[in-house]
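*Asks:* Have a look at this one before I ask anything.
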Amino acid sequence: MIFKTSEIIEQQLTLSQRSQSHAAYAVFAWDSFFSLKQQIVMVWNTPPLAGEIFAVNWQWNTLVPFQLNMNWLVPEAHCQQAISKWIVPEPQQTMLEMQWSQAAAKNQQITVKLHIGEQLATEIALSYTNIQSQGDNKTVAWAPHAARWVCSSKYVPPVGKVTLRFSEPWINSTSPTQLRFTASPNVCYWDDGGGLIDANPPLPTIDFKIPIEPQIRRSYLMQPQISCVRVSDGVAVVLKSVSISQSRSQWASSGSLAFSSRIDAERAANELLKISINGYDFYLLCESPSESKAFGKTSYSATGRGRLATLASPNRKAINYVNVVSRSFIGLMADIVANTGWTVASQITDYPVPANAFSYAAKTPAEAINMMANSIGAMLDVNDETQTITVIPQWPVVPWNTASAIPDVILHDGVILEFNERIDIRPDANAVFVRGEQQGVAAKVKRFGTAGDNFAADIVDKLITDNQAARMRATAELANAGNKVQNSIRAKVMADLPPMRPGMLIGVRKGAEVFKSVCESFSISGSVNESTGIVTVNQTVTLLRNEVAA
């Protein structure tokens, strides 16, 4: 700060302190002219055990620590300490500006009185006459720097190994070989801001997966419940038993129902039913009602299919179809189910299908989209609640990669009621030829890391019109090859153990090991005992995994 003065300026700071019979007195006086002469006179007298320490230390470096320590002693064993610490990174972002302008004859007085102990008072009085300069700017900057792109011409070595490819042959070259890296002005990276603690921490991806694993308890208290209502008007239908099952080869679930009375059977006939089993909802289109009579006993039952049966016979007529324009694979599916209330989603790699490459005859929409999914080694995962059809691979995790995959559900001995295992003998293969028909591609696909010398049966399909389609269909064929271990597991349905679905990767704790298998099929059943009213609910899953060679 530079002061411009036109007259002698005198300032006096008086500090008086009295404690019992002791007194402290300090006088600061100075005058200044163009020569800026200063005179300081300090006189004081303090009693024993009274002292004042004022220390200010600072550094200015890449990381700027600033520390202010104030320690002092006052009579009667009083001690106070104030410490302020902060760290400010080198780039500065926030600025605080203070500006003021004062006239030539302004006075200001600040009085502070403190009472500590017995009649101990301190008074500070400040008075001054301001100089004739106007405007004083103080700047204080702190806080993390803003996010920005940082560009540099310095060479940034890549992470990992560096592969060098020489386009010209090496002839009569001197040794050693010199490599010169030319600086590039286009080396930039994104700095997301922040200081020592990141102000914008990178968020975890939303597609991370945490397995569902029931807690291990000493005992499990079960309160199974079964309820059924008619979707059209919410009328309740009383059931004696229900069974629902589905496999990867089915496009809709199938089920069987046993009703408690003739009235309930009539209410459910040809209606869409919503069945809740332990809080999980299932939908069945009640079809083929039946009646059985015996001596002194009459029973009513029916079979049904999932909600996707509304797009199958007899609810929809079979038609012929040819794609007259070029469409993507998922686009073709969306055209088939257009204006039906159903939507199509995808978890596969979409690809183009040329015009007139795909056609079918005498198929309903449900049969057509199921045929399309099977053509590329996929399956249909149907959400009856939202009427969404999701196309997923038949093997979301191929059998040779299950060791490093994260399962969807993990089962342990506490929830497994029954466990069966058998070996399914199948021919092995590590390569397969896949090709289209009139329009398409031909490809040899082999398992990575194998010789590719053991071929499966050739695959020919009209929807193999792209390398992505050939890869997906070949992956499914090679995953189906080889001996499999088939497990059948029966378990309960609980809040932390939902019904398992085909295509899930299931982990099973067998001793100290956890083996992982793909769910081939599942079934859930519930029944009500007629004499005691006890409700029993179980689910059974069939799992497939590769046999480990001895």
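The values are calculated or read from the model by the stated rules, or taken from the named source; none is laboratory data. Quick caveat, the model's predicted, so the values are computed rather than measured. Here the Cβ positions follow ideal geometry from the backbone for every residue, glycine too, while neighbour counts run over all protein chains shown. Surface areas here come from the heavy atoms of the whole protein model, side chains and all, with no ligands, DNA or RNA. Shrake-Rupley method; radii C 1.70, N 1.55, O 1.52, S 1.80 Å.
*Asks:* In this structure, is residue 435 in contact with an Asp or Glu (Cβ under 8 Å, 6 or more places away or on another chain) and closer than 20 Å to residue 376 by Cα?
*Replies:* On the way: in contact with an Asp or Glu (Cβ under 8 Å, 6 or more places away or on another chain): yes; closer than 20 Å to residue 376 by Cα: yes.
When the stated conditions are applied, residue 435 passes them.
*Asks:* Another question, if that's okay. Considering segment 353-372 alone, what residues qualify as being in contact (Cβ under 8 Å) with a residue 24 or more places away in the chain and either out of contact with any helix residue (DSSP H, G or I) (no Cβ under 8 Å at 6 or more places or on another chain) or over 14 Å from residue 333 (Cα atoms) (or both)?
*Replies:* Passing the criteria: 354, 355, 356, 357, 359, 361, 362, 367, 370.
*Asks:* Can I ask one more? When only residues in segment 290-307 that are of a type in the set (Ser, Thr, Tyr) and exposed (fewer than 13 other Cβ atoms within 10 Å of the Cβ) count, which is nearest to residue 387 (Cα to Cα)?
*Replies:* Among them, the one singled out is 290.
*Asks:* Next up: Working only within segment 250-261, note down all residues that are outside any strand (DSSP E or B), within 35 Å of the chain's Cα centre (by Cα) and surrounded by fewer than 22 Cβ atoms within 10 Å (Cβ to Cβ). Walk me through how you get there before you give the answer.
*Replies:* Our first condition is that a residue be outside any strand (DSSP E or B); within segment 250-261, this holds for 250-253, 260-261.
Checking which are within 35 Å of the chain's Cα centre (by Cα) leaves us with 250-253.
Hit for segment 250-261 is 250, nothing else.
*Asks:* Taking segment 222-237 as the search range and keeping residues that are open to solvent by 80 Å² or more (accessible area, probe 1.4 Å) and within 35 Å of the chain's Cα centre (by Cα), which one is modelled with the lowest pLDDT? So that I can check it myself, show each step before the final result.
*Replies:* Taking segment 222-237 as the starting set, the residues that turn out to be open to solvent by 80 Å² or more (accessible area, probe 1.4 Å) are 223, 225, 232-233.
Right, trim to within 35 Å of the chain's Cα centre (by Cα) and you get 223, 225.
Details: 223: 88, 225: 92.
Here the residue is 223.
*Asks:* Taking residue 264 as meeting all but one of (1) without any contact (Cβ under 8 Å) to a residue 40 or more places away in the chain; (2) open to solvent by 30 Å² or more (accessible area, probe 1.4 Å); (3) closer than 16 Å to residue 227 by Cβ, write down the number of the exception.
*Replies:* Of the numbered conditions (1) without any contact (Cβ under 8 Å) to a residue 40 or more places away in the chain; (2) open to solvent by 30 Å² or more (accessible area, probe 1.4 Å); (3) closer than 16 Å to residue 227 by Cβ, the odd one out for residue 264 is (2).
*Asks:* Also, I was wondering about something else. With of a type in the set (D, E, K, R) and open to solvent by 50 Å² or more (accessible area, probe 1.4 Å) as the only criterion, which of 271, 287 stands out?
*Replies:* 271
*Asks:* Please determine, by comparing only the residues of segment 415-440 that are surrounded by 11 or more Cβ atoms within 10 Å (Cβ to Cβ) and among the basic types (Lys, Arg), which one is nearest to residue 214 (Cα to Cα).
*Replies:* The selected residue is 426.
*Asks:* Tell me, please, whether a residue that is part of a strand (DSSP E or B), over 26 Å from residue 333 (Cα atoms) and acidic (Asp, Glu) can be found in segment 400-408. Walk me through it before giving the result.
*Replies:* Residues of segment 400-408 part of a strand (DSSP E or B): none.
No: zero hits.
*Asks:* Here is a follow-up. Before we move on, is residue 404 without any contact (Cβ under 8 Å) to a residue 60 or more places away in the chain and either out of contact with any helix residue (DSSP H, G or I) (no Cβ under 7 Å at 6 or more places or on another chain) or over 20 Å from residue 476 (Cα atoms) (or both)?
*Replies:* When the stated conditions are applied, residue 404 passes them.
Yes or no, residue by residue, for (1) under 30 Å from residue 524 (Cβ atoms); (2) open to solvent by 60 Å² or more (accessible area, probe 1.4 Å); (3) modelled with pLDDT of 70 or more:
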{"residue": "163", "(1), (2), (3)": "no, yes, yes"}
{"residue": "178", "(1), (2), (3)": "no, yes, yes"}
{"residue": "185", "(1), (2), (3)": "no, yes, no"}
{"residue": "191", "(1), (2), (3)": "no, no, yes"}
{"residue": "210", "(1), (2), (3)": "yes, yes, yes"}
{"residue": "216", "(1), (2), (3)": "yes, yes, yes"}
{"residue": "220", "(1), (2), (3)": "yes, no, yes"}
{"residue": "248", "(1), (2), (3)": "yes, no, yes"}
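*Asks:* Moving on. Filtering segment 372-407 down to residues that are of a type in the set (A, V, I, L, M, F, W, C) and open to solvent by 60 Å² or more (accessible area, probe 1.4 Å), which residue is farthest from residue 545 (Cα to Cα)?
*Replies:* Residue satisfying both the conditions and the ranking: 406.
*Asks:* Which one of these is more than 20 Å from residue 470 (Cα to Cα) and part of a strand (DSSP E or B): 338, 334, 361?
*Replies:* When all the criteria are applied, what remains is 361.
*Asks:* Please go through segment 271-326 and pick out each residue that is touching a Lys or Arg at 6+ places or on another chain (Cβ under 7 Å), charged (D, E, K, R) and without any contact (Cβ under 8 Å) to a residue 60 or more places away in the chain.
*Replies:* Once the filter is applied, which keeps residues that are touching a Lys or Arg at 6+ places or on another chain (Cβ under 7 Å), charged (D, E, K, R) and without any contact (Cβ under 8 Å) to a residue 60 or more places away in the chain, segment 271-326 yields 271, 287.
*Asks:* Pick from 261, 243: which is at pLDDT 95 or above and among the small types (Gly, Ala, Ser)?
*Replies:* 243
*Asks:* Name every residue in segment 308-345 that is among the aromatic types (Phe, Trp, Tyr) and surrounded by fewer than 17 Cβ atoms within 10 Å (Cβ to Cβ), in order of residue number.
*Replies:* Result: 321, single match.
*Asks:* Something else now. Just for strands (runs of 3 or more DSSP E) wholly inside segment 459-550: which have at least 2 residues that are open to solvent by 10 Å² or more (accessible area, probe 1.4 Å), within 21 Å of residue 382 (Cα to Cα) and out of contact with any Asp or Glu (no Cβ under 8 Å at 6 or more places or on another chain)?
*Replies:* Values: elements: 484-491, 505-510, 513-528, 535-546.
Result: 513-528.
*Asks:* Can I ask one more? Hey, does segment 306-318 have a residue that's closer than 20 Å to residue 241 by Cβ and in contact with a Leu (Cβ under 9 Å, 6 or more places away or on another chain)?
*Replies:* Yes, there is a match, as at least one residue in segment 306-318 is closer than 20 Å to residue 241 by Cβ and in contact with a Leu (Cβ under 9 Å, 6 or more places away or on another chain).
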